[in-house]
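**Student:** This structure is in structure tokens; I'll ask about it shortly.
The values are calculated or read from the model by the stated rules, or taken from the named source; none is laboratory data. Quantities reported herein were computed from a predicted structural model and do not represent experimental measurements. Here the Cβ positions follow ideal geometry from the backbone for every residue, glycine too, while neighbour counts run over all protein chains shown. The protein model used for the area step is the full one, side chains on, heavy atoms only, and it has no ligands, DNA or RNA in it. Shrake-Rupley method; radii C 1.70, N 1.55, O 1.52, S 1.80 Å.
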Amino acid sequence: MTTPMRRQYLQLKSQHPDCILLFRLGDFYEAFDGDAEIVARVCDVALTSRPVGNSQRVPLAGVPYHSVEGYLAQLVEAGHKVAVAEQVSEPGSGLVDREIQQVITKGTVAEPSMLIDDRNNYLAAVLFNARGNEAGIAYCDISTGEFAATQINGSDLAETEQRLGEELSHLRPSELITSEWNVEESGLAPLIGSLQAIVSSIEAWQVAFDTARSTLQRHFGVRSLDGFGLQESPQAVRAAAAVLAYLQEMQPSALSQLVRVQSYTVDEFMVLDDSTRRNLELTETIRGAEERGSLVRVLDETLTPMGGRLLRSWLGRPLLDTALINERLNAVQGLVDESNLRGQVRDALRGMGDLERWIARISQGKALPRDLTGVREVLGRAPGLRQLLISSGLAPASGPEDQSEAQGSADAFLKQMLDRLPDCSLSLELLERAIDDEPSATLANPGIIRPGYSEELDAIVDNSRYAKEWVAALEQVERTRLNIPSLKVGYNKVFGYYIEVRNTHAGKVPQEYIRKQTLTSAERYITPELKEYESQILNADERRLALEQQLFRRVCSELGARADEIRCLAEGLALLDVYASMAEVALKRRYCRPEINDGAAITITGGRHPVVEMTSEEPFVPNDAHLSPGELIHILTGPNMSGKSTFLRQTALITLLAQIGSFVPAASARIGVVDRIFTRIGASDELHRGQSTFMVEMIETANILNHATGRSLLILDEIGRGTSTYDGLAIAWAVVEHIHNSPSLRAKTQFATHYHELTDLADRLPQIVNYNVAVDDSGDDVVFLRRILPGRADRSYGVHVAQMAGLPRGVVRRAGEILLDLEASGAAGPATLLDQTPGRKQKEAMQVGLFADDHPAVESLRALDVDALSPLDALNRLYELRQLADSS
Ligand SMILES: Nc1ncnc2c1ncn2[C@@H]1O[C@H](COP(=O)(O)OP(=O)(O)O)[C@@H](O)[C@H]1O
Ligand SMILES: [Mg+2]
């Protein structure tokens, strides 16, 4: 036998078996059984037990209701789904009714305390068609109301997954809804694992196409989905419906947020795969996974949370359309040129809170009074911003294009901006009229609604004020009337208001006083009149609170009805914030406006690495880069630590910044739009990720070769490093040849390598150019000049670097001798023989070339990967070499 409450608990639990059920019990939320153990562990609260009848006990862990938010955050953060069962009937003699009112998961949290200001929190759905060559993806952020969907088509499952992965790595959803998709076994398992997204599933019938379509039509109240641009995208329709169906089950109140679904195509944006996003450290560093040291940290001068989110979204999605890019650049230019305007705009934006999330909470019925005052404050500032823009008229953008054209775009921008800053005067007026200047923090206390807004409320407050004044005056009145100077009127929780008379004056107590309590030296009384006023006061307080809550809800729903306009304003402010931030950065860090075109060349003069220039201790040395069909592939050689990787990333980052519409760290830049940036960073640079395996490196290289186009930018840093020297060199060589020769590829490439032999390629293939990092070795030490110059590095300086690293003098000297010997013996690089003979013969030829010197010491020296040696290893190897040399 179990208790009725236990049965109720089990019944509720069975509705969401995969969730932790928090069961409201008086002032606590309790978790039982296995849930209790999890709650106790994750939230660090005591694990106890509770009887459930028949001398049986079950584990129990409870958290107090008033601080439940923090515990919810911990549970959700740990990847759990939490169902919250509230008491829905008044506690009486029998069992209280309970009902699950919401399920909170990583993707459906809306509490400000559980969200990060400048990050979106996406709940995404991913669905495939039966063949696996089409995938739909839809995502929403219920804290902002953003909802979008697209369909991705590949030639087969692998390609679809690949493109889906690129999209997911941009969105970084915290929760993924799927149906009939085994994530664990898919090619995306590692990515999804690294996102730490929780995966939730939905029943297949809910996302069958017909059901999905009607789900969307019902939700948006439309007869056809054509207006959303989803007619050609059945998988997108299914994915969008999956989001709706999931929310319906988990957080029905959030559905009101999703007022439209935006369709988009991934083709509008530059493709960046997950490893490129990581390698370029767009939003976090590779090493610490921290934002500090990442590109966004240098770039983010936004002043509002919605601006911060928009900037991050842009950063992950560079554009391809020159007109759209120029539109952004014009806006930035306008704010760069007009310093006054920029300053004023930024002053107006500074400290504006999260309008986007406030309005979301308001229309979800979850708002607190301070959310409304936040909105009021922003709405109050918006007209001033509009006025600023209008009176500035924005100076003509002095871009490189025709002046009148630039003027046209500045005007267009201004108009576009003004459309996006609606003045929302009705909402503002409502808020000013209805909400007190400093309303109470929660809905549990009166003092939210401003006097004058509601006659009924004012009447209640007036009456209660009269009663309060009467009670307040009573003490003086009675003291005089009865001539008892020590008479007191007081209040306590048990008797309410009372009159206290000390025993010395007991004789003067009038008849109408009713004795209530006896103290040692005094008596406490009440009178019918006092009780009458008391009940007026208490009633009034209760009625006042109830009415204020009701009025507050009404104000919220009125605002909710005009939420569209306020959301539009929020978007406009975000946009303006991002433009102003870009302008600020451009000036502060001396960025220039890039010229964007559809050509095939990238020409950067005086380019800098935006992050390294901020963090490095030595002055940053700018460099030029020119990639074009004639100089398609750069082979960059130079010693370790000389600046190769920095230079390569700098080219990629400048290109990316240009395509998000930002100014760039360079003296000048002309960027032919690129469709993708690929980066492959050699194994040693990524050792710490525990992914040093050669296999991973080759998979990524394969991906590049299979997907790059003539419009892509390839950054290859030390590929082939993860294997033995000869393998590595051979692969690097073949990869460069392939990029150069295969007609569908021919992508602009910068290739940094420590294989000097690769520089021979420039003599053989016309569109390959050598560059090297200049080094000054005229003194004793090698000085890195950080200048990128045409031509090959004449030597690797590995020995010098070894010296700088503190290898013993003797070892360095001996290594120098050996090196000289090697160079003198003219050990032929592979290049001389490689491309003379194709196919099998070539292989043999290479082997001959590679092993031309048959002295075992030389052979073993050649097999040495100097870059990968620790000083101690190097020493040991030298001893071995010495022995080899002696022994033959
Ligand atoms: N152009 C530059 N100006 C100033 N310092 C630079 C420059 N390029 C690189 N550096 C510094 O040199 C360090 C090593 O550069 P890196 O690009 O990693 O060298 P490599 O790839 O050749 O081993 C960087 O961390 C940076 O501090
Ligand atoms: Mg490097």
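**Student:** Taking only Cα atoms, what is the 0 to 90° angle, nearest 10, from helix 694-707's long axis to the longest principal axis of the chain?
**Tutor:** Approximately 90 degrees, to the nearest 10.
**Student:** Could you tell me the center-to-center distance, by alpha carbons, between the range 578-603 and the range 696-722 in angstrom?
**Tutor:** Between the Cα centre of the range 578-603 and that of the range 696-722, the gap is 27 Å.
**Student:** What percentage of the solvent-accessible surface of the chain, computed with a 1.4 Å probe over protein heavy atoms, is contributed by carbon and sulfur atoms?
**Tutor:** Heavy-atom surface of the chain belonging to carbon and sulfur, 1.4 Å probe: 50 percent.
**Student:** A follow-up question, please. Taking a ≥ b ≥ c as the square roots of the eigenvalues of the Cα gyration tensor of the range 567-622, is the shape rounded (a/c under 1.5), prolate (a/b larger than b/c) or oblate?
**Tutor:** Judged from the Cα gyration tensor, the range 567-622 comes out oblate (a/c at least 1.5, b/c at or above a/b).
**Student:** Next question. Taking the highest mean first, how do the peptides 512-519, 297-304 order by number of other beta carbon atoms within 10 angstrom per residue?
**Tutor:** Packing proxy ranking, top to bottom: 297-304, 512-519.
**Student:** Taking a ≥ b ≥ c as the square roots of the eigenvalues of the Cα gyration tensor of the range 49-137, is the shape rounded (a/c under 1.5), prolate (a/b larger than b/c) or oblate?
**Tutor:** prolate
**Student:** If you don't mind, there's one more thing I want to ask. Please determine, in degrees from 0 to 90 and to the nearest 10, the orientation of helix 209-220 with respect to the longest principal axis defined by the Cα atoms of the chain, where the helix direction is its Cα long axis.
**Tutor:** For helix 209-220, the angle is close to 50 degrees.
**Student:** Then there's this: Ignoring everything except DSSP H segments at least 4 long, calculate the 222 nm mean residue ellipticity for the chain; use -39,500 (n - 2.57) per segment, divide by total residues, nearest 500.
**Tutor:** Calculated from helices alone, the mean residue ellipticity at 222 nm is -14500 deg cm²/dmol.
**Student:** For the pair ARG131/VAL45, report the inter-label distance in nm, with labels modelled 7 Å from Cα in the Cβ direction.
**Tutor:** 5.3
**Student:** Take the cross-link list LYS508/LYS531; LYS106/LYS588; LYS106/LYS748; LYS81/LYS366; LYS468/LYS516 and give me the ones stretching past 29 Å between alpha-carbons.
**Tutor:** Among LYS508/LYS531; LYS106/LYS588; LYS106/LYS748; LYS81/LYS366; LYS468/LYS516, the Cα-Cα distance tops 29 Å for LYS106/LYS588; LYS106/LYS748.
**Student:** Another question, if that's okay. Take MET5 and PHE209, extend 7 Å from each Cα along the Cα→Cβ direction, and tell me the distance between the two endpoints in nm.
**Tutor:** Label-label distance for MET5 and PHE209, simple model: 5.3 nm.
**Student:** Follow-up question, since we're still on this one. Under a 1.4 Å probe, what is the accessible area of the chain per residue, stated in Å²?
**Tutor:** That works out to 44 Å² per residue.
**Student:** So how do 440-446, 429-435, 363-369 stack up, highest first, on mean other-Cβ count within 10 Å?
**Tutor:** Packing proxy ranking, top to bottom: 363-369, 429-435, 440-446.
**Student:** Using a 10 Å cut-off on Cβ atoms, rank the peptides 175-185, 735-745 from the highest mean neighbour count down.
**Tutor:** 175-185, 735-745
**Student:** Could you work out, for the chain, what percent of all Cα-Cα pairs fall into each 10 Å distance bin, beginning at 0 Å and stopping at the bin that holds the largest distance?
**Tutor:** 2, 10, 16, 18, 17, 13, 10, 7, 4, 2, 1, 1, 0
**Student:** For the range 10-81 and the range 225-258, what is the separation of their Cα centres, given in Å?
**Tutor:** With the range 10-81 and the range 225-258 each reduced to a Cα centre, they are spaced 32 Å.
**Student:** Compute the length gained on full extension between ILE514 and ASP781: take 0.36 nm times their separation in residues and subtract their Cα-Cα distance, giving the result in nm to one decimal.
**Tutor:** Computed gain between ILE514 and ASP781 is 85.9 nm.
**Student:** Mind giving me the nanometre distance, one decimal, between the label points for SER67 and ARG370, set 7 Å out from Cα along Cα→Cβ?
**Tutor:** Placing both labels 7 Å along Cα→Cβ, they lie 1.8 nm apart.
**Student:** If I fit a long axis through the Cα atoms of helix 725-741 and take the longest principal axis of the Cα atoms of the chain, what angle between them do I get, 0 to 90°, rounded to 10?
**Tutor:** Compared with the principal axis, the helix lies near 80 degrees.
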